[in-house]
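Novice: Structure in structure tokens, see below.
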Amino acid sequence: SGSMAAPEPAPQAAPSGAMPEAQPTDGPMTAVAPQEPPPPVSVPLRFAWNQPVAAAVFRRAGGLWVVFDRPSNPNLEALRQAGGRAFRDVRRVPTGNGTVLRFETNGELNPALLRDGLTWIVDLRPRPITAHTDIESNAQPDSPIGARIFLPIPEPGQPILVADPEAGDNLIVVPVIPLGHGVKNGYAYPQLDVLPSAQGIVLQPRVDDLRVRSLRQGVEITAGTQLQISAVSAEQAAESKLKTLHPLTRTMDLERWRGADLADVNERRQELRAAVAAARGETDIEQGRLDLARFLLANALSAEALGVLRVVGADRPEAAGEPEVRTLRAAANFLMGRYADAQADMADPVVDPFDEGRFWRAALRAAEGDKAEAAPDLKRTGAITRPYPNALKVPLGLLVAESMIEVGEVTQAAEYLAALGAADLSEDQALEHAYVTGRLQELQGDFDGAVKTWEEVIAGDHRPSRAKAAMARAELLLKQRKITRPEAIAEMEALRFAWRGDDFEFNLLRRLGTLYLAENDPRNGLRTLRQAVTHFRDHPAVDTVAQQMTDAFHDLYLEDKADVLAPVTAIALYDEFKELTPAGEQGDEMIRKLADRLVAVDLLDRAADLLDNQVKFRLKGEQKARVGARLALVRIMNRQPDLAVAALDASAPDKTGDAALPDDLKAQRRHLRARALADLAQDGQALALLNDDATTDANLLRSDILWQVQDWSNAARALRQTLRDEGIRPNQALDDRAARRVLNLGVALTLAGNERAVSRLRRDYGPAMDQTLFRDAFRLVADTPEPGPTDVRRLSELVSEAENFRGFMGAYRDRLRDGRLSAIN
């Protein structure tokens, strides 16, 4: 037990801006959920521990508080990344004996608390904030120790004193282990307030001498002076608890229909059939059939019971909708694993007045995987199963026990398991019981005992229990770091065909996919998660898994995690899962990054396919024109000038063409079109596009085209202008680009027969060219007064080696070498 007094208010907490050190062995980790621009449907924050840890969650003064009763060093930056737009910031509030986090949120998303073994999951969704199970505050003015307030909760954590930086006062927080246990409505006393919470107990002291102690069965509040409280009358208490104290109401009675053994069952079934055959009135016939259905269900003959109930409904349709018939039918479908059919019967309001109806609704939710949500109703109505025959009582009791484990209700889970253990269990039922017992041992911190129990189950012959035990064992050993992640993956892969078609397979696929992603194996991770989504479309958690796939794809292609993959692998992975490409700007950015990378490694066909899809199906207006220009450039580089022209045509704005585009983009598209037309031997049209265009790119392109048609004089004129545009002046050092320009000009002047101009070029640039890689080529050009056929051929060879025939495209290649495709516009 522990106690705490309320001291003077502490200074306001300052947010921590530093990244924490590596996580301690007993501290939490957060698994991130990447940020998305739309408001998130669900943001699960995971806090993993290697021992049982109590938690408290509540809202106050615009902040969402998450408190654990163990100290740790959480990674705040990872939490911020996990939250995305779900909260504006998170900071750690200083405290001496726990971990206190305060999230600044907009109030739209509130937490639901979940448990995964020893891991706490704070799942933020659009929902009201409330506790699933209310912790009552009991005023006891005449207790043996004097006036006190007592809040019953098993094994509460130690009280933690925190200063609220917004309100400027102190709070005492008592985290608890049972999941979803909090104070729903709050209580006001003269010396303190008990604040509402989704998890745990939160006290706001009004005096300095308040004392808070955690006892084995609850939290005790006293004061140095007498607490000013009064007892609640018995009538008031009875009125407030009326709904939970009435006897459980039933729709069916199965206890008297159980057979002692197989011979007894067969004999009794024949008697009931004979009674139906002998009945004469419609009422007697229906009653006889209902007795037969009750008997069949009580002895686990579910299909036969459904057949009899179908006949009852066919003879009198009104009977099919009565509470007992609906519950009998739901129970039979439950035993056969037909949960959707059972839920259809239990959804009818005719069963609303009955606790048995509420129990079955909760049991079906739990069977479908929503054990934490179902736990409060199962806890309140679980006693309904006591008179059930073993065929129903055992699977339902184990389901209730698992649900209690899910929410940390150790005592209730142990009670159910003890009661079931005393029953006459079959071999299969004993193995199912042992599997759940192992889960309870894990929750209690008896890890070695849990592993031993599960290994005994694995050695048994009940396939579903063996599969679940093997999965649980691998998970626990991984958490304890006794096996590596690849070893856990190998063990779980071996279970993929061990038991199929129910919640186990969905959870196995989900966990395997998550492990593959964590192991930087996105292909297997996404494939496995897609199998879960595809084969379990109606599972309650399918949307969460689909979002996990989207988040992983986002990380690969927007957060650059795919950069560690070979480019061919990256594009193949994208093609396999391209349905995960988000709509809008994020999807466009994803494609842009991938196209940039493909062009950088000369995978031009694949890059063009991506850009072509963008132009045709995703983009409009100016952005479509920009990407169309990139596509045209890729097509030209890939020697597909006809497709380059088609790309420019397809990406032009619908009504105005290129006229309404910005001048720089308009010029770029015009230049690319001219280059493509020249490559199609349409030189006249290409040159016409460059009329009145005195830009450097236009001069380079003009010189390319004129060179191509061997109009040397005009090519030289265009090249000389290029030297002026680029500031390439005589008697200055030349880099490779400038030297190429000078060499090009020299070749054009030589082939044009302009000896005087060549002489001047030699005088102006000869010394500088001698210092470049193009010295020999320039000397050959400048020293050949009237080149003959051999010299011309040698000139062409030298120029070709120096990559001088494509000045315009060479400039683009230089830009791509130094940057990205998307950087060209």
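The values are calculated or read from the model by the stated rules, or taken from the named source; none is laboratory data. Fair warning: this is a prediction, and the values are worked out from it, not measured in the lab. Don't worry about glycine lacking a Cβ; one is built from the backbone with ideal geometry, like all the others, and counts go over all protein chains shown.
Novice: Condition (residue is out of contact with any helix residue (DSSP H, G or I) (no Cβ under 6 Å at 6 or more places or on another chain), part of a loop (DSSP other than H, G, I, E, B), of a type in the set (Gly, Ala, Ser) and over 23 Å from ASP461 (Cα atoms)) applied to the range 379-387: is it met by at least one residue?
Specialist: no
Novice: Considering the range 380-397 alone, what residues qualify as being over 19 Å from LEU328 (Cβ atoms) and surrounded by fewer than 20 Cβ atoms within 10 Å (Cβ to Cβ)?
Specialist: Residues satisfying the conditions are ARG380, ALA383.
Novice: Then there is this: Of everything in the range 42-64 that's outside any loop (DSSP other than H, G, I, E, B) and buried (at least 23 other Cβ atoms within 10 Å of the Cβ), which residue is nearest to the chain's Cα centre (by Cα)?
Specialist: Going through the qualifying residues, I end up with VAL43.
Novice: If a residue must be assigned to a helix (DSSP H, G or I) and either in the same structural domain as ILE591 (by TED's automatic domain parsing) or touching a helix residue (DSSP H, G or I) at 6+ places or on another chain (Cβ under 7 Å) (or both), how many such residues does the range 548-561 contain?
Specialist: Adding up the residues that qualify gives 9.
Novice: Shifting gears a bit: Which ranges mark the helices (runs of 4 or more DSSP H) fully within the range 261-331 that have 1 or more residues being more than 23 Å from PRO349 (Cα to Cα) and not assigned by TED's automatic domain parsing to the domain that holds ALA344?
Specialist: Numbers: elements: 262-278, 282-298, 302-315, 317-320.
Ranges flagged: none.
Novice: Filter the range 688-735 down to the residues that are assigned to a helix (DSSP H, G or I), among the hydrophobic types (A, V, I, L, M, F, W, C) and touching a residue at least 12 places away in the same chain (Cβ under 8 Å) and list them by number.
Specialist: Result: ALA698, LEU700, LEU701, ILE705, LEU706, TRP707, TRP712, ALA715, ALA716, ALA718, LEU719, LEU723.
Novice: Mind listing whichever residues of the range 479-534 are touching a Leu at 6+ places or on another chain (Cβ under 8 Å), among the aliphatic types (A, V, I, L, M) and more than 24 Å from LEU556 (Cα to Cα)?
Specialist: The answer is ILE483, MET492, LEU495.
Novice: Turning to a different aspect of this structure: Being under 34 Å from the mean Cα position of the chain (by Cα) and of a type outside the set (Lys, Arg) is the requirement here; does GLU368 meet it?
Specialist: So GLU368 fits the description; yes.
Novice: Please go through (1) without any contact (Cβ under 8 Å) to a residue 12 or more places away in the chain; (2) touching a Ser or Thr at 6+ places or on another chain (Cβ under 9 Å); (3) of a type outside the set (D, E, K, R) for ALA632 and return the number of the only condition it doesn't satisfy.
Specialist: (1)
Novice: Restricting to the range 483-534, name every residue that is crowded, with 16+ Cβ neighbours inside 10 Å and hydroxyl-bearing (Ser, Thr, Tyr).
Specialist: If the condition is that a residue be crowded, with 16+ Cβ neighbours inside 10 Å and hydroxyl-bearing (Ser, Thr, Tyr), then THR514, TYR516, THR528 are the ones that fit.
Novice: From the list LEU443, LEU476, pick out the single residue that is touching a residue at least 40 places away in the same chain (Cβ under 8 Å), among the hydrophobic types (A, V, I, L, M, F, W, C) and touching a strand residue (DSSP E or B) at 6+ places or on another chain (Cβ under 9 Å).
Specialist: None of the other options fit; the residue is LEU443.
Novice: Just for the range 76-117: of the residues that are in a loop (DSSP other than H, G, I, E, B) and crowded, with 20+ Cβ neighbours inside 10 Å, which one is modelled with the lowest pLDDT? Break it down into steps so the answer makes sense when it comes.
Specialist: Kept after step one, since they are in a loop (DSSP other than H, G, I, E, B), are these residues of the range 76-117: 84-86, 93-98, 106-108, 117.
Those left that are additionally crowded, with 20+ Cβ neighbours inside 10 Å: 86, 93, 98.
On the way: ALA86: 76, VAL93: 90, GLY98: 90.
Residue satisfying both the conditions and the ranking: ALA86.
Novice: Further question on the same structure: Among the candidates GLN682, GLN640, which residue alone is closer than 24 Å to LEU603 by Cβ, of a type in the set (S, T, N, Q), more than 40 Å from the chain's Cα centre (by Cα) and at pLDDT 90 or above? Outline the logic, then answer.
Specialist: Details: GLN682 fails: closer than 24 Å to LEU603 by Cβ.
Only one candidate passes the filter, namely GLN640.
Novice: Now for a separate question. Can you name the number of the only condition in (1) free of Cβ contacts under 8 Å to residues at least 60 places away in the same chain; (2) buried (at least 19 other Cβ atoms within 10 Å of the Cβ); (3) part of a helix (DSSP H, G or I) that GLN685 fails?
Specialist: (2)
Novice: Just checking, which of VAL545, VAL533, VAL564, VAL568 is out of contact with any helix residue (DSSP H, G or I) (no Cβ under 7 Å at 6 or more places or on another chain), without any contact (Cβ under 8 Å) to a residue 40 or more places away in the chain and among the β-branched types (Val, Ile, Thr)?
Specialist: VAL568
Novice: Something else about it: With the requirement that a residue be of a type in the set (Val, Ile, Thr), within 21 Å of ILE201 (Cα to Cα) and modelled with pLDDT under 85, what does the range 212-239 give you?
Specialist: Correct list: ILE229, VAL232.
Novice: Give ALA488, ALA423 a once-over and let me know the one that is over 20 Å from ILE405 (Cα atoms) and outside any helix (DSSP H, G or I). If you could, list the steps in order and put the result at the bottom.
Specialist: Details: ALA488 fails: outside any helix (DSSP H, G or I).
After applying the criteria, what remains is ALA423.
Novice: Please verify whether the range 482-494 includes one or more residues that are under 19 Å from the mean Cα position of the chain (by Cα), within 19 Å of ALA472 (Cα to Cα) and not hydrophobic (A, V, I, L, M, F, W, C). Before you say what the answer is, go through the steps one by one.
Specialist: Filtering the range 482-494 down to residues under 19 Å from the mean Cα position of the chain (by Cα) leaves none.
The answer is no, given that none of the residues of the range 482-494 is under 19 Å from the mean Cα position of the chain (by Cα), within 19 Å of ALA472 (Cα to Cα) and not hydrophobic (A, V, I, L, M, F, W, C).
Novice: For the subset of the range 279-297 comprising residues that are small (Gly, Ala, Ser) and farther than 14 Å from ARG268 by Cα, which member is surrounded by the fewest Cβ atoms within 10 Å (Cβ to Cβ)? So that I can check it myself, show each step before the final result.
Specialist: Quick first cut of the range 279-297, residues small (Gly, Ala, Ser) only: 279, 281, 288, 293.
In the following step, the residues that additionally are farther than 14 Å from ARG268 by Cα were identified as 279, 281.
Working: ALA279: 15, GLY281: 8.
Filtering the range 279-297 for residues that are small (Gly, Ala, Ser) and farther than 14 Å from ARG268 by Cα, the one surrounded by the fewest Cβ atoms within 10 Å (Cβ to Cβ) comes out as GLY281.
Novice: Run down ALA331, ALA300, ALA340 and say which single residue is out of contact with any Gly (no Cβ under 9 Å at 6 or more places or on another chain), touching a residue at least 60 places away in the same chain (Cβ under 8 Å) and exposed (fewer than 12 other Cβ atoms within 10 Å of the Cβ).
Specialist: On the way: ALA331 fails: exposed (fewer than 12 other Cβ atoms within 10 Å of the Cβ); ALA300 fails: exposed (fewer than 12 other Cβ atoms within 10 Å of the Cβ).
On inspection, the qualifying residue turns out to be ALA340.
Novice: Further, regarding this structure: If you scan the range 118-146, which residues turn out to be assigned to a loop (DSSP other than H, G, I, E, B) and among the hydrophobic types (A, V, I, L, M, F, W, C)?
Specialist: Within the range 118-146, LEU118, ILE129, ALA131, ILE135, ILE145 meet the criteria.
Novice: Hey, can you tell me all the residues within the range 311-328 that are charged (D, E, K, R), free of Cβ contacts under 8 Å to residues at least 12 places away in the same chain and surrounded by 14 or more Cβ atoms within 10 Å (Cβ to Cβ)? Spell out the reasoning first.
Specialist: So in the range 311-328, the residues charged (D, E, K, R) come out as 315-316, 318, 322, 324, 326.
Checking the rest, the ones that are also free of Cβ contacts under 8 Å to residues at least 12 places away in the same chain come to 318.
Residues satisfying the conditions do not exist here.
Novice: So, in the range 240-291, how many residues would count as being farther than 26 Å from ARG361 by Cβ and modelled with pLDDT under 80?
Specialist: 6
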